[in-house]
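Trainee: Sharing a structure, written as structure tokens. Questions coming.
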Amino acid sequence: MPAKFMKQIHLAVGAILLAAWFALRITGCSIWSRPDPANLLMGNPSQAKHGLFQWNNFLLEKRHFALSYNNRKGIPNWVSWRLSKKDVGSAPRKEFHPEPDLPFWFTQITPSDYTGSGFDRGHLCPHSDRSADDDMSYETFSMANMIPQSPRVNEKAWAQLETYCRELVEHEHKTLYIIDGPAGQGGTGRDGFKEEAGRQHQVVVPAKCWKVIMVLDAGEGNDSARVSANTRIISVIIPNDMSVGENWSGFRVSVKEIETLTGYKFFDRIPASVIEPLKTRVDSQVIPHAKSVFHGPLN
Amino acid sequence: MSASLIDKLNLALKDLLYRSESDEPFDIIHWKDAGEICGPRQVSVRAKCPAGTIIRTMTLDDFFKDLVAEKSWHGTEETAKVQKYRRLKDLIVKELKNSQVFLLGQIELSIWIIGKAGKDDWFAIKTKSIET
């Protein structure tokens, strides 16, 4: 084969590889991450898409959770994941870091944007739900998985609800489908009411935090086929302020209420005849008192 | 010696915030004639922990591992913070013997870095970590 022809082939291959790299880079797609489709098995609440023009409803499928990101607000719209016993382990906590897989033209939110705000870096998908290995743990410390959460919410009711979910998984062998996110604007933290955080005020402080948890018994086959008229769904709307205590069960509402609040449609991959009646119920299972937690000494 | 060490520690800790789910300042405690403070039990007494408090220990290297590492996304502020943590670690290694890190409690943890400056002369550098 003539050398000139070979050179042209090399150039063409190089150009194709360069174009592919550029396409992956600008769309925020990572060839290294193989997202678990289970995280969106029950649906995509805001019909988020992974595309060039999805500024405020950008679908990002990380390996261990999926989310819709809102570039205007600097926070996710929602985060969704499947939780089972194998996800829980003892991997250590990691360093908070900017999300590397968002398009490069999005405003980069760094951990420092929450410093001095009076709000916690509140995980939506908690570290302990993804603590089976270091890789899982690291992903949860992405700033795309954070919202500015009132310390009283993050450290009390929200933490207690997260613990309750893991107890269902670890002790009662349930499998959970969890979606959570922020709503509205303006919350109260350590330093009072704020509508925004961040050095350029680019992070919206939500007014409320919501969470929807579908509880499935362990079983064979596709989880979505096991959703029935008896499936339990726990949903809460918690104000993002300093009035919140350890108790989360008093914040329970129906899924419909969260759909009204957010405009999202949950579990849209489940037949309407099965899921719609479940969405009107409010979970009424008796919740044990919050376990007492020994915080560090105050002195 | 101790007075100047307090000055050095204060200088090293100035404007330094420990990052977890919140950002918390550091405090220094100095115990003279403290005897030996070497185990979780003695630390829990010093820290006035309620009975049943979960106490974990870490080595100084493990505690500082992420804090002294530069990352590709770091800007000026983050790089300056890494430098501060490197200076703090160097100071602790140089001035305090038998240094160990204790994590007391859950969710709202107290972190105590404890080391010995001389006979019966101990220092604790403490901060808070929110870990939900």
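Bear in mind that the values in this text are calculations on the coordinates, not laboratory data. It should be emphasised that the depicted structure is a prediction, and the values quoted were computed from it without experimental measurement. Heads up, the Cβs are rebuilt from the backbone with ideal geometry, glycines too, and the neighbour counts pull from every protein chain shown.
Trainee: What's the percent breakdown of Cα-Cα distances in chain B across 5 Å bins, shortest bin first?
Mentor: Reading upward from the zero bin: 2, 10, 20, 24, 21, 14, 6, 3, 1, 0.
Trainee: Further question on the same structure: For chain A, what does -39500 (n - 2.57) per DSSP helix run (n ≥ 4), summed and divided by total residues, give at 222 nm, in deg cm²/dmol to the nearest 500?
Mentor: The per-residue figure over chain A is -6500 deg cm²/dmol.
Trainee: Using the crude model of +1 on Lys and Arg Cβ and -1 on Asp and Glu Cβ, and no other charge, please compute the dipole size for chain B relative to its Cα centre, in debye to 20.
Mentor: Approximately 320 debye in magnitude.
Trainee: Further question on the same structure: Need one value for B:18-25: mean number of C-beta atoms belonging to other chains within 10 Å of its residues' C-beta atoms.
Mentor: For peptide B:18-25, the averaged partner shielding equals 6.
Trainee: For region A:216-297, state which trypsin sites (Lys or Arg not before Pro) are in a DSSP loop and have at most 16 other beta carbons lying within 10 Å of their beta carbon. Intermediate values should be presented prior to the final figure.
Mentor: Details: sites: A:Arg226, A:Arg232, A:Arg252, A:Lys256, A:Lys265, A:Arg269, A:Lys279, A:Arg281, A:Lys291; in loops: A:Lys265, A:Arg269, A:Arg281, A:Lys291.
Here the trypsin sites (Lys or Arg not before Pro) that fit, given the DSSP loop and packing criteria, are A:Lys265, A:Arg269, A:Arg281, A:Lys291.
Trainee: Hey, another quick one. Can you return the lysines within cross-link range of A:Lys208? Criterion is Cα-Cα under 21 Å, with same-chain partners fewer than 8 residues away left out.
Mentor: Within the straight-line limit of under 21 Å, A:Lys208 reaches these lysines: A:Lys73, A:Lys156, A:Lys194, A:Lys256, A:Lys265, A:Lys279.
Trainee: Name the most mobile residue of A:Leu278, A:Leu60, A:Leu52, meaning the one with the largest mean-square fluctuation, in a Gaussian network model of chain A with Cα contacts below 10 Å.
Mentor: Sorting by GNM fluctuation, first place goes to A:Leu52.
Trainee: While we're on this one: Using +1 at the Cβ of each Lys and Arg and -1 at the Cβ of each Asp and Glu in the protein assembly as shown, identify which of A:Trp210, A:Phe96, A:Ile270 lies farthest towards the dipole's positive end.
Mentor: Value: A:Phe96.
Trainee: Taking +1 at the Cβ of each Lys and Arg and -1 at the Cβ of each Asp and Glu, which of A:Leu11, A:Ala66, A:Ile287 sits farthest along the dipole of chain A towards its positive end, judged by Cα position relative to the Cα centre?
Mentor: Farthest along the dipole direction, towards plus: A:Leu11.
Trainee: Report the gain in length on full extension from A:Ile237 to A:Asn56: 0.36 nm times residue separation, minus Cα-Cα distance, nm rounded to one decimal.
Mentor: 62.9 nm
Trainee: Can you compute the modelled spin-label distance between A:Asp217 and A:Thr107, with each label point 7 Å from Cα toward Cβ, in nm?
Mentor: Between A:Asp217 and A:Thr107, the label points sit 4.9 nm apart.
Trainee: Still on this structure: Using the Cα centre as the reference, give the magnitude of the dipole from point charges on the C-beta atoms of the protein assembly as shown (Lys, Arg: +1; Asp, Glu: -1; all else neutral), rounded to the nearest 20 debye.
Mentor: With only Lys, Arg, Asp and Glu charged at Cβ, the dipole is about 480 debye.
Trainee: What is the count of Lys pairs in region B:41-98 whose alpha carbons sit under 24 Å apart, if the two are 8 or more places apart or on different chains?
Mentor: So the count works out to 14.
Trainee: Sticking with this structure for a sec: At 0.36 nm per residue, and after removing the present C-alpha to C-alpha distance, how many nm does the segment from A:His173 to A:Thr260 gain when stretched out fully?
Mentor: This chain segment gains 28.2 nm when fully extended.
Trainee: Follow-up question, since we're still on this one. Can you give the FRET efficiency to the nearest 0.05 for B:Trp73 and B:Gln42, using r as the Cβ-Cβ distance and R₀ = 35 Å?
Mentor: With R0 = 35 Å, the Cβ-Cβ based efficiency is 0.30.
Trainee: Mind listing the phi-derived Karplus ³J(HN,Hα) values for region A:11-16, rounded to whole Hz, using 6.51, -1.76 and 1.60 with θ = phi - 60°, and x for any glycine or proline?
Mentor: 3J(HN,Hα) across region A:11-16, in whole Hz: 5, 5, 4, x, 5, 5.
Trainee: So what is the diffusion coefficient of the protein assembly as shown in µm² per second by Stokes-Einstein at 4 °C and 1.567 mPa s, using a Kirkwood Rh over Cα pairs?
Mentor: Numbers: Rh = 23.6 Å.
The calculation lands on 55 µm²/s.
Trainee: Collect residues whose amide H, placed 1.01 Å from N in the peptide plane, falls under 5 Å from the amide H of A:Gly186; neighbours closer than 5 in sequence don't count.
Mentor: For A:Gly186, whose amide H was placed from the backbone, the distant partners under 5 Å are A:Val205, A:Ala207.
Trainee: Let me ask you something else. With a point put 7 Å past each Cα toward its Cβ, work out how far B:Lys14 is from B:Asn98 in nm, to one decimal.
Mentor: Distance between the two pseudo-spin positions: 3.2 nm.
Trainee: To the nearest 500 deg cm²/dmol, what mean residue ellipticity at 222 nm is calculated for chain B from DSSP H runs of n ≥ 4 alone, each contributing -39,500 (n - 2.57), summed and divided by the residues?
Mentor: -10000 deg cm²/dmol
Trainee: Something else now. Measure off 7 Å from each Cα along the Cα-to-Cβ vector at A:His201 and B:Gln83, then give the distance between these two points in nanometres to one decimal.
Mentor: 3.2
Trainee: Could you go through region A:270-280 in sequence order and give the Karplus-derived ³J(HN,Hα) for each residue, using 6.51 cos²θ - 1.76 cosθ + 1.60 with θ = phi - 60°, rounded to whole Hz, and x for Gly and Pro?
Mentor: 9, x, 4, 5, 8, 7, 4, x, 5, 6, 8
Trainee: Which FRET efficiency value, to the nearest 0.05, do you get for A:Ala225 and A:Glu246 by plugging their Cβ-Cβ distance into 1/(1 + (r/R0)^6) with R0 = 45 Å? Please list the in-between numbers first.
Mentor: On the way: r = 36 Å, r/R0 = 0.81.
The computed FRET efficiency comes out at 0.80.
Trainee: Here's a follow-up. What ranking, highest mean first, results for peptides A:144-154, A:206-216 when packing means the other Cβ atoms within 10 Å averaged over each residue? Let's see the in-between values first.
Mentor: Values: A:144-154: 26.7, A:206-216: 22.7.
Ranking, from highest mean packing down: A:144-154, A:206-216.
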